[in-house]
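The values are calculated or read from the model by the stated rules, or taken from the named source; none is laboratory data. Everything numeric in this text was worked out from a predicted model, so none of it was measured. Because the Cβ atoms are built from the backbone with ideal geometry, glycine has one as well, and the counts that use them run over all protein chains shown. The area values use the complete protein model at the heavy-atom level, side chains included, leaving out ligands, DNA and RNA. Shrake-Rupley method; radii C 1.70, N 1.55, O 1.52, S 1.80 Å.
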Amino acid sequence: MNNNYLIPANSKKSQLILGFFTPIDLILFGSGCGITILLLILVKQATTFEMIMILLPALITGFLVTPVMYYHNVLQFIINVITFIFSPRRYYWRGWCVRYESEIEQFNRQ
């Protein structure tokens with residue numbers, strides 16, 4: 001045997017909880033449900049509008065973690081954008097070239 005393995009295309013799905021959720025998804029949904037339960041306990045008699053407002057945290061977080069195609073890719077993109085905007089690092093763009101020349105090297109070459 002030459003230790004060549006064929007990795008199935010859906011191997012990353014097995015790393016998710018129940019095949020769909022990351023730990024952050026469950027924390028987000030759990031916190032939304034917790035807020036909704038707390039509000040249901042605190043508010044004794046609610047009108048229809050108030051009940052809708054009370055149920056909104058669970059509904060919104062449930063919608064956010066619903067498994068949608070490419071959801072985790074979009075989530076990772078949003079995380080990358082936020083990290084890029086709020087990180088203290090500086091990103092320098094040099095472009096795409098075979099060899100980088102500083103301004104001094106370019107001046108000496110002329």
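Quote the accessible area belonging to residue 69 in square angstrom, nearest 10, computed with a 1.4 Å probe and with ligands, DNA and RNA left uncounted.
Result for residue 69: roughly 150 Å² accessible.
Leaving ligands, DNA and RNA out of it, rank 59, 75 by accessible area with a 1.4 Å probe, largest first. Walk me through the intermediate numbers first.
On the way: 59 110, 75 50 Å².
Most to least solvent-accessible, the answer reads 59, 75.
Once label points are set 7 Å from the Cα along Cα→Cβ at both residue 31 and residue 49, what is their separation, rounded to one decimal in nm?
2.9 nm
Can you give the extra length, in nm with one decimal, that the chain gains between residue 41 and residue 69 once fully stretched, where that is 0.36 nm per residue apart less the Cα-Cα distance?
Values: separation 28, 0.36 × 28 = 10.08 nm, distance 3.55 nm.
Additional length available on full extension: 6.5 nm.
Provide the solvent-accessible area of residue 65, counting protein heavy atoms only and rolling a 1.4 Å probe, rounded to the nearest 10 Å².
Here the accessible area works out near 10 Å².
Does the stretch 27-72 classify as rounded, prolate or oblate by the C-alpha gyration tensor (a ≥ b ≥ c root eigenvalues; a/c under 1.5 gives rounded; else a/b over b/c gives prolate, otherwise oblate)? Mind showing how you got there, number by number?
Values: a/c = 5.86, a/b = 2.18, b/c = 2.68.
Verdict is oblate for the stretch 27-72.
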